[in-house]
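Following: one structure in structure tokens, then a few remarks.
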There are 2 protein chains.
Amino acid sequence: MSSRLQQFALYGAGIALLFNPWCLQLVSALGVSLLAYVSTVTLIPRVGDAFIRRGFSGKDMNKAEKKIIPETMGVVCALVYFICMIVFIPFLFYKYLVPNGVKPTSEVGWMNRERAIASHFPHNHLVEYLAALLSILSISLLGILDDLFDIRWRHKFFLPAIAAIPLLVVYYVDCDKTYVSVPTVLRPFLSRSIVDLGVLYYMYMAAVAIFCPNSINIIAGINGVEAGQSLVLAIMVCLNDVLFLVRPGTTTDAIHLHLLSLYLLLPLVAVTLGLLKYNWWPSRVFVGDTYCYFAGMVLAVAGILGHFSKTLLLFFLPQIFNFVLSIPQLFGLVPCPRHRLPRFNPETGLLQNSYVDFTDTPNLPKKTKLSILLFERLRLIKVEYEPKTGRILRCTNFTIINFLLAHLGTMREDHLTMVVMALQFGVGVFALFFRHVLAPIAYRNDNL
Amino acid sequence: MSSRLQQFALYGAGIALLFNPWCLQLVSALGVSLLAYVSTVTLIPRVGDAFIRRGFSGKDMNKAEKKIIPETMGVVCALVYFICMIVFIPFLFYKYLVPNGVKPTSEVGWMNRERAIASHFPHNHLVEYLAALLSILSISLLGILDDLFDIRWRHKFFLPAIAAIPLLVVYYVDCDKTYVSVPTVLRPFLSRSIVDLGVLYYMYMAAVAIFCPNSINIIAGINGVEAGQSLVLAIMVCLNDVLFLVRPGTTTDAIHLHLLSLYLLLPLVAVTLGLLKYNWWPSRVFVGDTYCYFAGMVLAVAGILGHFSKTLLLFFLPQIFNFVLSIPQLFGLVPCPRHRLPRFNPETGLLQNSYVDFTDTPNLPKKTKLSILLFERLRLIKVEYEPKTGRILRCTNFTIINFLLAHLGTMREDHLTMVVMALQFGVGVFALFFRHVLAPIAYRNDNL
């Protein structure tokens, strides 16, 4: 089947699922996701040239031939995602939107009808959905501006928190749950079953909204790794939702929340798959900061609105590990080069560690020396010493990618991406086990 | 007072108004608007160079010295507007957000508290507000992409309709008022007091959402005219809201709707004033399509959510006139050059009409000839004939700006902008008179 025909078939299938005769929202969501996938696949190759003309392009450093390819394709993903989510609104609320009965013929009749509709419609569900879209759209805009103007770190750090305000307000008026349950074994000591964190809980959620987009953005630099990790993350979080949906005893409220999370995540999986088709090694397009912010925010929003922001961080353990590992370089204890991506060896065609070089600085500051020795002791970096004097010559960069290369040896770029994805998958399985097997044991009343 | 000190004073005043001790939302809205103004004024000069570096720049054609100046400053306006509107949310819902009583200590207690808050909070108001922001943000994104990539006409025409979907869904669930009142004198003939337009009314509102952003975008090309017309439009629509708020007998629902409209429009007035400081003749920055789309959409959203989308079109009469006047050129009856802006005369320093030239095409198509003769008969364009043969040599471009120049003669660029603004003001006064003096007479029961 020609690729054109295939696309038409996929569009047709997507529209058929969207308008499914059973009016099932989850089936419509699958339809929307299919449309999102095929739109992304269709659009990306068409806009590439326009992007390059506008300066959205980059050199692929990890190739023998350093080609210029279009960047910031996350814009296409975010845009397609956003349009699909908007188009989905009437399908999501279909059963409340079908007009009932004949229309009144007097103004008073209309006023009564208005009240009847308003009291019948689940405004709080629409509020959640719109707040989610608003946060995702504003973070995507931030991503575009960052790709355009290279916004300074201190300016862009807090903007996700502003983007999260609608979410937090919605969280407040929807439930304002700010407590955490105490594990059963600890309850006798604390003499209570829950601990209220109050405003700290909102600060925690704002921190999640800041962390998720930025953390995906710092595991970057090799073909497909941004989209690859996001894909695995999104699928694992979807599985988490499905496990809640299928297990007996889940309350109606919890079912609603996990469905909402699925509606947000399925189109993300779809656009990411479409993007990976072109971004997988050897990449024909780059994703840009826009994609990382966008994907991270969708995950954060799903976690916050789905009321599983604590579980969410379990899935983000590789990103947390990478962040902690990066601290010495992010906070200036160890010099941080502009890029910390691994080094391409043109002879073997494989990737190897990139290093921070100290050959020209014989006297390292104490903080640098201590950080390096500590992280080496923890086996997180590799350090090379001058054989005679024992002076530090160079050490690997403080990233999870260099950590993997240091322990697993040089490898081809796509294999490295697969290792990161496999790690993400393993962590996801652990998180699911923790949440669905261990947690119900540790907490007598599992908060469904 | 130095400009720096002045800015600090304005920031201080804005914050003081925002946190006003009476918790009045309208005062907070004024505070937010003040912050929006001073942020716009501070930001625009700082980002100019970065914009030029990224290719957001244009040549000012109506000057002797054709300087390159930064374009697309609407991005700054839209971004400042958006951040201010997000920050405003907690202040808007302050009285519902203040926590009442001590927090519960059991999970059941929390669940009851959750229900109490949810039943107490005006979800429908938050839905309206979020849908408004979503539509405005998505149209701004469309503007940015248009400024970046020059999106094709047929692609960008329908996108505002997608951006309007959240608005229309909210309109549906909030009131679904799709009827128009019949003027008292016509009621005996139609034997009814209202006529239900049903789905046509939604198509009308989608058309408003498509028309407003695009119509501001086509009265363009001279310094300050895009921001100038938007400023007058926004102020006149604000006056319309204020007249509804102060007149006796307005229902609580109507007060809410017109306040919402004010909350949306006041920050627009503010960012536009800030923009005009740099965009006024002789311009130091250009506004870009982003600004036109953004400003037009804020007005459309205010009209739709404020339930005065019909009145809104009265204020847009100059834009409607310009659109009708442009039809022969937009639809290819008369050749349409890339730009239809007036021509700068370097000798006088004044602007004069720009023309469509026919000297090389002796045999005009019949449709072109007819259009030109009709529009000349209506005194909308000026035509020059060859004295001997009577053949059409050239005619002025079909825009309101050329129409004004043809009738009022050549003038300086800023005076022409002022004429457009004065016309917009006159139309606004007429619209207010029509809505607040004539309409209550024509409709016995004025739908407040």
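The values are calculated or read from the model by the stated rules, or taken from the named source; none is laboratory data. Because the structure is predicted, anything quoted here is derived from the model rather than measured. Glycine also receives a Cβ, built like all others from the backbone with ideal geometry; neighbour counts cover every protein chain displayed.
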Filtered residue count, region A:107-152, keeping only those that are hydrophobic (A, V, I, L, M, F, W, C), at the interface with another protein chain (Cβ under 7 Å from one of its Cβ atoms) and farther than 30 Å from A:L259 by Cα | 3
Answer residue from region A:403-448, given it is among the hydroxyl-bearing types (S, T, Y) and not in a helix (DSSP H, G or I) and is modelled with the lowest pLDDT among those | A:Y443
Say whether the condition of being over 12 Å from the mean Cα position of the chain (by Cα), in contact (Cβ under 8 Å) with a residue 12 or more places away in the chain and not in a helix (DSSP H, G or I) is met by at least one residue in region A:268-281.
-> yes
Out of region A:329-343, which residues are surrounded by 16 or more Cβ atoms within 10 Å (Cβ to Cβ) and in contact with a Gly (Cβ under 9 Å, 6 or more places away or on another chain)?
-> A:R340, A:L341, A:P342
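Can you tell me how many residues in region B:272-282 are closer than 21 Å to B:K67 by Cα and buried (at least 24 other Cβ atoms within 10 Å of the Cβ)?
Restricting attention to region B:272-282, the residues satisfying the condition of being closer than 21 Å to B:K67 by Cα are B:275-282.
After this cut, where a residue has to be buried (at least 24 other Cβ atoms within 10 Å of the Cβ) as well, the list is B:275, B:279.
Selection size over region B:272-282: 2.
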Some residue of region A:17-25 being assigned to a helix (DSSP H, G or I), without any contact (Cβ under 8 Å) to a residue 24 or more places away in the chain and touching a Gly at 6+ places or on another chain (Cβ under 8 Å) | yes
Determine whether region B:84-102 contains at least one residue that is over 25 Å from the mean Cα position of the chain (by Cα), modelled with pLDDT under 95, among the aliphatic types (A, V, I, L, M) and over 27 Å from B:A254 (Cβ atoms).
-> yes
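Look at B:L233 and say whether it is under 27 Å from B:Y81 (Cα atoms) and assigned to a helix (DSSP H, G or I).
yes
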Report yes if A:F158 is over 17 Å from the mean Cα position of the chain (by Cα) and within 10 Å of another protein chain (Cβ to nearest Cβ), otherwise no.
-> no
Among helices (runs of 4 or more DSSP H) completely within region A:76-162, the ones holding 1 or more residues that are under 21 Å from A:G303 (Cβ atoms) are A:123-149
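Taking the options B:L148, B:L197, B:L168, B:L141, name whichever one is touching a strand residue (DSSP E or B) at 6+ places or on another chain (Cβ under 9 Å) and either modelled with pLDDT of 85 or more or not basic (K, R) (or both).
B:L197
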Tally time: how many residues in region B:58-85 are within 11 Å of chain A (Cβ to nearest Cβ) and buried (at least 21 other Cβ atoms within 10 Å of the Cβ)?
-> 8
Give the number of residues within region B:40-50 that are at the interface with chain A (Cβ under 9 Å from one of its Cβ atoms) and at pLDDT 95 or above.
-> 0
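Rundown of residues vs (1) in contact with a Lys or Arg (Cβ under 8 Å, 6 or more places away or on another chain); (2) over 30 Å from A:L239 (Cα atoms); (3) surrounded by 13 or more Cβ atoms within 10 Å (Cβ to Cβ), yes/no style:
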residue	(1), (2), (3)
A:P362	yes, yes, no
A:K369	no, yes, yes
A:G426	no, no, yes
A:I441	no, no, no
